[in-house]
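All of the numbers you see were taken from the coordinates with simple rules; none came from a lab. In this text, all values refer to a predicted model and were calculated from it rather than measured experimentally. Neighbour counts run over all protein chains shown; Cβ positions are idealised from the backbone, glycine included.
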Amino acid sequence: MTIESLLLMFHSDMVSVERLSENSAATYEECAKIFLNWLSREEVKLAAVNPQVLLSYLIWRRTELKCDELTIAKDISGLRALGSYLVRQKIWEENHAMMLDRPKASRALPKVLSVEQVDKLLDSIDVSEPLGVRDRALFELIYSCGLRISEAATLQVSDLHLKERLLIVRGKGDKERMVPFGESAKEKLEHYLEEVRPVLVGNKIVDEVFVNYKGEPMSRKGIWKNFKALEVKAGVYAKVHTLRHSFATHLLAGGMDLRSVQELLGHSDLATTTIYTHVDDKQLREGHRKYFPGHQRTDYEEKV
């Protein structure tokens, strides 16, 4: 069996049997591809793999390729998924990857834009052009609802409820959540849907809300590329995902409770959402230093 054919069957199994999202399946497939190619170079048969071989592989990833802890943790998740498949295919007697401990990687605080920076970014979009009208509606909605880039790309017209200012979002694991959006986002969406999208789509039937100049659904890469151009124009450097981080942080700063923000973001674990409370703490400390420069260390800092 070739590496290509094994990867194809592994991917199909993850989606159809394990019910993983396409994004997760693609990530684990890439992890498996790197591992299988390493086995080939080292002339180690797949059936002969044991925990020691897996450790040698991870050491190679860490020392030779300089992979960080988050990447190694992702590698181990991918190896566990591959191991589960190989056991069911009777290629491995047991899932050796389950013996690997994932490193507890320290997570850096996410970058967050101020409200003024978000406004500057959005206001720099040229809405005199049809695609500019689309981009203003797109990025306004991403910020207004805290959407992931994949969620914005796959959002369908049937998911929009303009009158109620609500949309249905399909997030990770195909879980649905209902998210409200503001009046500004509603106005930008109506302008795009009524005057621009019909011209771009023409006679085609397209379910997705946001389309490219050909009238086809926008890809994640297409959205990312447009945002990079917008960054340069506005002089505000971030990522599309930074709008999601900013959405969460601004809600918490405005007084919304953590559980509600968790629901809006679609986090399955509240611990994931608490990262934004640390962002807010950091902003408070920086503000204190700015206005009280004589205090190098405060009682507040010692407590948080």
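Charges were assigned to the Cβ only: +1 to each Lys and Arg, -1 to each Asp and Glu. The resulting dipole of the chain about its Cα centre is roughly 520 debye.
Of the peptides 129-142, 166-179, the order by per-residue mean of other Cβ atoms within 10 Å, starting with the highest, comes out as 129-142, 166-179.
For the chain, the spread of Cα coordinates along the three principal axes comes to 66, 60, 34 Å, biggest extent given first. Label zone (K175, point 7 Å along Cα-to-C-beta; backbone nitrogen cut-off 15 Å) within the stretch 216-230: none.
What is the mean projected area of the alpha carbon convex hull for the stretch 115-282, to one decimal in square nanometres? It would help to have the intermediate numbers written out before the result.
Values: hull surface 38.9 nm².
Seen from a random direction, the Cα hull of the stretch 115-282 projects 9.7 nm² on average.
Of C67, C145, the sequence from fewest to most neighbouring Cβ atoms within 10 angstrom is C67, C145. Radius of gyration (Cα atoms) of the stretch 1-131, expressed as a multiple of 2.2 N^0.38 Å: 1.41. In sequence order, the stretch 20-36 has phi-based couplings of 7, 5, 4, 5, 5, 4, 5, 5, 5, 5, 5, 4, 5, 4, 4, 5, 5 Hz under the Karplus curve 6.51 cos²θ - 1.76 cosθ + 1.60, θ = phi - 60°, and Gly or Pro positions carry x. The calculated FRET efficiency for the pair S40 and S260, based on their C-beta separation and a Förster distance of 51 Å, comes to about 0.55.
Its relative contact order, with pairs defined as Cα atoms under 8 Å and 6+ residues apart, puts the stretch 3-99 at 29 percent. Inter-label distance, W60 to V232: 3.9 nm, where each label sits 7 Å from its Cα along the C-beta direction. In this structure, A26 and E4 have a Cβ-Cβ separation that, at R0 = 22 Å, corresponds to a calculated FRET efficiency of about 0.90. A Förster distance of 25 Å, applied to the separation of the beta-carbon atoms of D68 and E18, puts the FRET efficiency at 0.40. Where only DSSP H runs of four or more residues are counted, the chain gives -18000 deg cm²/dmol as its mean residue ellipticity at 222 nm, each run worth -39500 (n - 2.57). Listed values for the stretch 75-88 are Karplus-derived 3J(HN,Hα) couplings in whole Hz (6.51 cos²θ - 1.76 cosθ + 1.60, θ = phi - 60°), namely 4, 5, 4, x, 5, 5, 5, 5, x, 4, 5, 5, 5, 5, and x replaces Gly and Pro. Taking a point 7 Å out from the Cα of E190 in the direction of its Cβ, the residues of the stretch 147-173 whose backbone N falls within less than 12 Å of it are 162-165.
Stretching the chain fully between K204 and Q156 yields a gain of 15.8 nm (0.36 nm per residue, less the alpha carbon separation). Checking the Cα-Cα distances for K74/K239; K66/K111; K111/K175; K33/K74; K33/K239; K120/K233 against a 19 Å cut-off, the pairs over it are K74/K239; K66/K111; K111/K175; K33/K239. Each residue of the stretch 214-221 was assigned a 3J(HN,Hα) from its phi angle through the Karplus curve 6.51 cos²θ - 1.76 cosθ + 1.60 (θ = phi - 60°); the sequence is 8, x, 9, x, 5, 8, 4, 5 Hz, with glycine and proline shown as x.
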